[in-house]
4 protein chains.
Amino acid sequence: MNLVELLEHARQFAIERDWEQYHSPKNLSMALAGEAAELMEHFQWLTTSESEREALSAKTLSDIELEMADIFIYLLRLSERLDIDLTDATLKKIAINAEKYPVELAKGNAVKYNRRDDE
Amino acid sequence: MNLVELLEHARQFAIERDWEQYHSPKNLSMALAGEAAELMEHFQWLTTSESEREALSAKTLSDIELEMADIFIYLLRLSERLDIDLTDATLKKIAINAEKYPVELAKGNAVKYNRRDDE
Amino acid sequence: MNLVELLEHARQFAIERDWEQYHSPKNLSMALAGEAAELMEHFQWLTTSESEREALSAKTLSDIELEMADIFIYLLRLSERLDIDLTDATLKKIAINAEKYPVELAKGNAVKYNRRDDE
Amino acid sequence: MNLVELLEHARQFAIERDWEQYHSPKNLSMALAGEAAELMEHFQWLTTSESEREALSAKTLSDIELEMADIFIYLLRLSERLDIDLTDATLKKIAINAEKYPVELAKGNAVKYNRRDDE
């Protein structure tokens, strides 16, 4: 199943329930941020190594999987609502990042990496 | 380009820069939540109708597109790091939701919808 | 009870439970962002007018109150951990904002306001 | 300066600029979550020990201080808009937590702590 089919699935679900009326871009962006925070809460008291797959319980991993699905569903819904092609956008962003962080400068440069949001 | 190819693209980008070391699930979940909040900030002072595509400037729409790409990139990276199939997870979640919110009960039921996170 | 006393209360609570070890600034910032998202989730499907006090149920208002307390507790804990005076910081920030958004330019200027994060 | 005076300061600032119209509880909750995520982004690629005060640069610490002020300002604004007493709410929440996590059970119990959000 490809991205377009998944998106259509998520859209049908909302239409059948008459939920399109709640799905303004503003509200969808809130729902997306909310789900992303819920995902993050699974990791907040763990060390980075405790957050790796092999250290997580089956229950936690399954919860995480469903949180990630929620994020993806809202991302797809928003892309449809704003008529944005998620694949195109992603390739465009990777190209921008490649120019901003050339391999020779970025490689193994933790300081650079840590500060990249400040620039 | 399908999801697996996109994911591979995002992974190559990180490997070439030696950034895998920063991409623990914990850190990726933080980055994802951060990007989701940045996306949301574009909408925070707008009314719901001002948040619709036709009301947004080309510049804002383009910024939003790139924020959505950032979210997707981190979601793909996390799915790879945790070995989670995003398509499977999404179909599974839609099935769970379909059972939780049957059409006949959920349809046009705003109260139900608004409270669904309280349950 | 003033801010310093509240902060001391929150600190004692953590110390008694030996939770200081989990309360690195990194982890506290995640917990704070998580609680802020939980607060926001109460409002995500509401219209702006439905989000006003008089439109909320007593139960929702009470939930919101406790989410706000969670945010405040983590904010106090972080300020203590980083040795930041929250009152001073706030007065400093209000002074910075006053310079950035002078009354004569900012007044009733929605466009300006909406774009202020883009600048 | 106490909490009520700080709150009054933040309120005057908004009134003078005619910004009250944008400050519905819904919008304030979004702004608060956005600022909390911005705060968190300072820590996302750091290890927990790199996130401690002594390891942060003066510039980063100053940025963090102002992000925390932003969070506090929106929290105060929301408390005023919803007529919630932040001090009372916090004491109430600490009392609830004290009952939920009694010292003798919670002390040094990482597993319990890590899972406390799952309960």
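The values are calculated or read from the model by the stated rules, or taken from the named source; none is laboratory data. Keep in mind the model is a prediction, meaning the values are calculated, not measured. Cβ placement follows ideal geometry from the backbone for every residue including glycine, while neighbour counts extend to all protein chains displayed. In case anyone asks, the SASA skips ligands and DNA or RNA and just uses the protein heavy atoms, side chains included. Shrake-Rupley method; radii C 1.70, N 1.55, O 1.52, S 1.80 Å.
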| message | Run the label-point distances for C:Ile94 please: 7 Å along Cα to Cβ, every other copy, nanometres, shortest first. | response | 2.4, 4.9, 5.1
| query | Copy-to-copy spacing for B:Val4, label 7 Å out on the Cα-to-C-beta vector, in nm, shortest first? | reply | 2.0, 6.4, 6.6
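Treat the protein assembly as shown as a sphere of radius equal to its Kirkwood radius over Cα pairs and apply Stokes-Einstein at 25 °C in a medium of 0.890 mPa s; give the translational diffusion coefficient in µm²/s, rounded to a whole number.
Working: Rh = 22.9 Å.
Answer, rounded: 107 µm²/s.
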| Whose amide H sits under 5 Å from the amide H of C:His23, counting only residues 5 or more places off or on another chain, with H placed in the peptide plane? | none
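Rolling a 1.4 Å sphere over the protein heavy atoms, what is the accessible area per residue of the protein assembly as shown, to the nearest Å²? All intermediate terms of the calculation are to be shown ahead of the outcome.
Values: 20090 Å² over 476 residues.
Heavy-atom SASA per residue in the protein assembly as shown reads 42 Å².
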| Fluctuation leader among C:Ala14, C:Ala106, C:Ala37 - chain C, Gaussian network, Cα springs under 10 angstrom | C:Ala106
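Assuming R0 = 30 Å, can you tell me the calculated FRET efficiency for the pair B:Leu91 and C:Asp63, based on Cβ-Cβ distance, to the nearest 0.05? Numbers along the way, then the final one.
Numbers: r = 32 Å, r/R0 = 1.06.
So, using R0 = 30 Å, E works out to roughly 0.40.
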| task | Counting helices only, and only those DSSP H runs with n ≥ 4, report the 222 nm mean residue ellipticity of chain D as the sum of -39,500 (n - 2.57) divided by its residues, in deg cm²/dmol to the nearest 500. | result | -21500 deg cm²/dmol
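Based on the Cβ-Cβ distance of A:Ala98 and B:Thr47, what FRET efficiency does E = 1/(1 + (r/R0)^6) give at R0 = 35 Å, to the nearest 0.05?
Details: r = 37 Å, r/R0 = 1.06.
Efficiency at R0 = 35 Å is approximately 0.40.
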| said: For the rotation taking D to C, I'd like to know which residue in chain D has the C-beta closest to the axis, plus that distance in Å. | reply: D:Ala36, 2
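Rounded to two decimals, what is Rg over Rh for region D:1-44 when you use alpha-carbon atoms and the Kirkwood radius?
Numbers: Rg = 13.0 Å, Rh = 12.0 Å.
Result for region D:1-44 is an Rg/Rh of 1.08.
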| request: Would you mind finding the longest exposed-site-free stretch of chain D, with exposed trypsin sites (Lys or Arg not before Pro) meaning DSSP loop and at most 15 other Cβ atoms within 10 Å? | output: D:1-106
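Select from chain D the helices, each a whole stretch of DSSP H, whose alpha-carbon atoms run 27 Å or more along the helix axis and whose Kyte-Doolittle mean is at least -1.0; answer none if there are none.
For chain D, where a helix must reach 27 Å along its axis and average at least -1.0, the hits are D:58-81.
Probe radius 1.4 Å, ligands and nucleic acids ignored: give me the carbon and sulfur share of the accessible area of chain C as a rounded percent.
Numbers: 2460 of 5010 Å².
Percent of accessible area from carbon and sulfur atoms in chain C: 49.
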| query | In nm, what does the list of distances from C:Asp18 to its counterparts in the other copies look like, shortest first, when each label sits 7 Å along Cα to Cβ? | reply | 3.9, 5.6, 6.0
| message | Compute the orientation-averaged projected area for chain B from the convex hull of its Cα atoms and round it to one decimal in nm². | response | 10.2 nm²
| request: Quick one: compute the contact order of region D:1-84, relative version, from alpha carbon pairs under 8 angstrom and 6+ residues apart, as a percent. | output: 49 percent
| For the pair D and C, total buried accessible area rounded to nearest 100 Å², probe 1.4 Å | 6600 Å²
